Amino acid sequence: MRFGFWIMNHQPTDHVIEYGQHAEATGWDSLWYADHFMPNDENVDQPVYEAWSVLAALAVSVPRVRLGPMVAGNTYRNPALTAKIAATIDHLSGGRLVLGIGAGWQENEHAAYGFDFGTLRSRMDRFDEAVEIISSLLGNHRTNFAGEHYTMTEAPLDPKPVQSPIPLLIGGGGRRRTLRTTARWADEWNFWGTPESIEELCGVLDGHCEDIGRDPAEISRSACSLVFISDDSAALDRLRSVDTGRATIVGTPDDVSEVVEQYRQIGVDELIIPDVSLASAGDKKHAMDLLINEVAPNFR
């Protein structure tokens, strides 16, 4: 089982590199960065850095680990541009990029920047076309496509990525559309959820794979969860009272290991942990080291 470190996109860029390098040096398996332009908050006067630029910096400054967006919003870029960026960063990293992509959901930044938000159905229609185009560009000499939303005419993508192919990760839990698209195109699937919710969605994904004749085992599964880990009982008592509204693990290394085991039992291959939760108990690097040294070895 792998353990991913999700670097929040409001931090100064020197902190991003510092914590990325620390994660790699101490044994984490992957680095992730959210693709947004502004906070999803009433107070939007907060710094947010552009994801692909930061991933390019991480690609050349942090060795070994996989890295990628969690996840790139399809509505922000033409799919040919997404494929070109991904192939370029794959070269910069020596073949370590994971192309995480989703349909797009944060309405306030679409309104602020003039991105077409549309309806959920229209975003999913665009997403289906985009994933097909990206897969073709990354794998084929030329791409021709005539869809409702995108057109490609003898479109090249050169150079091709180092990896053949770049792993395509789709994020989201839409039972009818997102998981069907995942079954058809993805190498990896990600969802922010508890073991119970992810187990249910894995069953839906497996059903879509069966419908199209694909082996579900070909798609690895990852989960995102906040993790408040500490060896300080007073800090844990405080953190247990926090209602995050998201999948959350709180406890000592032994407590955290019990929940991670539940993820493993349902087939999750990687747990991706936002650094904002690791920082909440005090020293972020201490929490990172506590997890990677006292939890991760139980699952490797």
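The values are calculated or read from the model by the stated rules, or taken from the named source; none is laboratory data. On a predicted model such as this, the values are computed, not experimentally measured, just so you know. Neighbour counts run over all protein chains shown; Cβ positions are idealised from the backbone, glycine included.
List of remarks:
- Any chance D215 is in the same structural domain as A103 (by TED's automatic domain parsing), more than 30 Å from G245 (Cα to Cα) and at pLDDT 95 or above: no
- Taking region 46-70 as the range and being in contact with a helix residue (DSSP H, G or I) (Cβ under 7 Å, 6 or more places away or on another chain), aliphatic (A, V, I, L, M), surrounded by 14 or more Cβ atoms within 10 Å (Cβ to Cβ) and part of a helix (DSSP H, G or I) as the test, the residues that pass are V54, L55, A56, A57, L58, A59.
- Test: residue in region 115-122 that is in a loop (DSSP other than H, G, I, E, B), over 21 Å from the mean Cα position of the chain (by Cα), among the small types (G, A, S) and assigned by TED's automatic domain parsing to the domain that holds D35: yes
- For region 248-286, the set of residues classified as without any contact (Cβ under 8 Å) to a residue 60 or more places away in the chain, more than 9 Å from V227 (Cα to Cα) and under 23 Å from the mean Cα position of the chain (by Cα) consists of S257, E261, A279, S280, listed by residue number.
Matching residues to (1) aromatic (F, W, Y); (2) under 13 Å from W6 (Cα atoms):
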| residue | (1), (2) |
| --- | --- |
| Y19 | yes, yes |
| A23 | no, yes |
| G27 | no, no |
| M38 | no, no |
| E42 | no, no |
| P47 | no, no |
| E50 | no, no |
| V60 | no, no |
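- Filtering L290, L179 for residues that are outside the structural domain of R300 (by TED's automatic domain parsing) and not aromatic (F, W, Y) leaves a single hit, L179.
Matching residues to (1) out of contact with any helix residue (DSSP H, G or I) (no Cβ under 9 Å at 6 or more places or on another chain); (2) farther than 21 Å from L97 by Cβ; (3) buried (at least 16 other Cβ atoms within 10 Å of the Cβ); (4) acidic (D, E):
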position	(1), (2), (3), (4)
T151	yes, yes, no, no
L157	no, no, yes, no
D206	no, yes, yes, yes
S225	no, yes, yes, no
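- Members of region 262-293 that are closer than 17 Å to A23 by Cα and in contact with a Pro (Cβ under 9 Å, 6 or more places away or on another chain): L290, L291, N293
- The residue of region 7-38 that is surrounded by the fewest Cβ atoms within 10 Å (Cβ to Cβ), among those that are of a type in the set (D, E) and without any contact (Cβ under 8 Å) to a residue 12 or more places away in the chain, is D14.
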